[in-house]
1. Output ³J(HN,Hα) for the stretch 25-30: one whole-Hz value per residue in order, computed from phi by the Karplus curve 6.51 cos²θ - 1.76 cosθ + 1.60 with θ = phi - 60°, and x for Gly and Pro.
2. If the cut-off is a Cα-Cα distance under 28 Å, which lysines reach residue 89, setting aside same-chain residues fewer than 8 apart in sequence?
3. Quote the FRET efficiency, to the nearest 0.05, computed for residue 309 versus residue 53 with a Förster distance R0 of 56 Å and r equal to the Cβ-Cβ distance.
4. List, in order, the whole-Hz ³J(HN,Hα) value for each residue of the stretch 61-69 obtained from phi through the Karplus relation with A = 6.51, B = -1.76, C = 1.60 and θ = phi - 60°; use x for Gly and Pro.
5. Taking H placed 1.01 Å from N in the peptide plane, check which residues at least 5 places from residue 192 or on another chain put their amide H under 5 Å from its amide H.
6. Can you send over the carbon and sulfur percentage of the accessible area for the chain, probe radius 1.4 Å, protein chains only?
7. Give me the angle, in degrees from 0 to 90, between the Cα long axis of helix 221-231 and the longest principal axis of the Cα atoms of the chain, rounded to the nearest 10.
8. In the Gaussian network model of the chain, springs joining C-alpha atoms below 10 Å, which of 183, 38, 77 carries the largest mean-square fluctuation?
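The values are calculated or read from the model by the stated rules, or taken from the named source; none is laboratory data. Note that this is a predicted model, so its numbers are computed, not measured. Cβ atoms come from the backbone with ideal geometry, glycine included; neighbour counts cover every protein chain shown. Side chains are part of the model used for accessible areas, which takes the heavy atoms of the whole protein and leaves out ligands, DNA and RNA. Shrake-Rupley method; radii C 1.70, N 1.55, O 1.52, S 1.80 Å.
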Amino acid sequence: MECVLTEPLYLDHAATTPMTSAAIAAVAEGMAMWANPSSPHAAGRRARAALEAAREWIATAYGWKHEVLLTGGASESLAIALGRCTATKRAISAVEHDAVLRAAGQARVLAVDASGRIDPGTLCDVRDTLVAVQWCNSETGVKQPIAAIAAAVHDAGGWLLVDAAQMPAGDELAEVADFVALSAHKRGGPPGTGALLVRDVALLHPSGGQERGYRPGTENLPGVLGHAAALAEPEPDHHERRAQLDDAIRRSGGEVVAGEAERHPAIGAYRMPGVGSAAQLIRFDMEGVAVSAGSACASGSLKPSHVLRAMGWTEEASREVVRVSFGRTTIDEDVAQFVAAWRAVARATARFVA
């Protein structure tokens, strides 16, 4: 009998998502344009022109009329802003990505409520402080009230760094953020490239080299072209799919993390009571389903999620949560397949609730 292998169901798009066809074509174009964009000869000038056109497109996609520094990804963008901003102090929310925790040093930690959101009213004492906030939490999908946070930070004499790696392109940040960290591979572009949107480069200590003297190293022309091309393609609206998944998880005995909060329509976090996330991931993989436990950077760790702990979850409960995230390739049938897998895993561990 012939063995037919089925394609695994991929629901970990918040970790990384497949490159779009346009991005793949743009990367190939950039690889054929092999000259160094910083070289003064004709081939270098052609590469420079392509690089600057892509930079302009990235700015346009976000409605950004200020500086765009091309980087190796959101983690580097965050490190540049946190490490070289002229502000004398740093503050971060308690639910930031591990990249921020690593780069922020001895930053002041801002408390969040049970949904993981910052109360803008607590930001009255951030004068001369760079405040870092992840607009959409990469583990729970909870969205911060970013406009209200920005207003509070600026009224208090501080500056706002927004981690927008999980959010689609749009102009919502154009008038409120001082720095914005972007990632290409979360948006259908290639890994290893991203950008830091900067309102005023005078807020950054220069490092010398390329990128106006703020990021040394030969520019990644293929990656930048791929990033720009991916941003040109619209992303689907997953509100209904995520709502259907939320409902099915509740009816199957699970718990929706921060289910009443405003969340990214493509990201959901779910607790299976009594079953550790590590065991769930193994069983889901056996069912042909790829999900994760928290952010990809932390999912291999044995530590409980600092995000859920900051939201008031017990250590035990925080170890029982997995993240499901949709992308351009996700269809309605995928939700039904995941729910069936969830119920199979829960049934196998004797925790199934009909």
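1. The phi angles translate into 5, 5, 4, 4, 4, x Hz.
2. Correct list for residue 89: 65, 143.
3. Details: r = 45 Å, r/R0 = 0.80.
So the FRET efficiency works out to roughly 0.80.
4. Computed from phi, the couplings for the stretch 61-69 are 4, 9, x, 8, 10, 10, 7, 10, 9 Hz.
5. The list, which skips near neighbours in sequence, is 185.
6. Details: 8440 of 15300 Å².
Exposed carbon and sulfur together represent 55 percent of the surface.
7. Long axis of 221-231 versus the principal axis of the chain: about 60 degrees.
8. Of 183, 38, 77, the Gaussian network model singles out 38 as fluctuating most.
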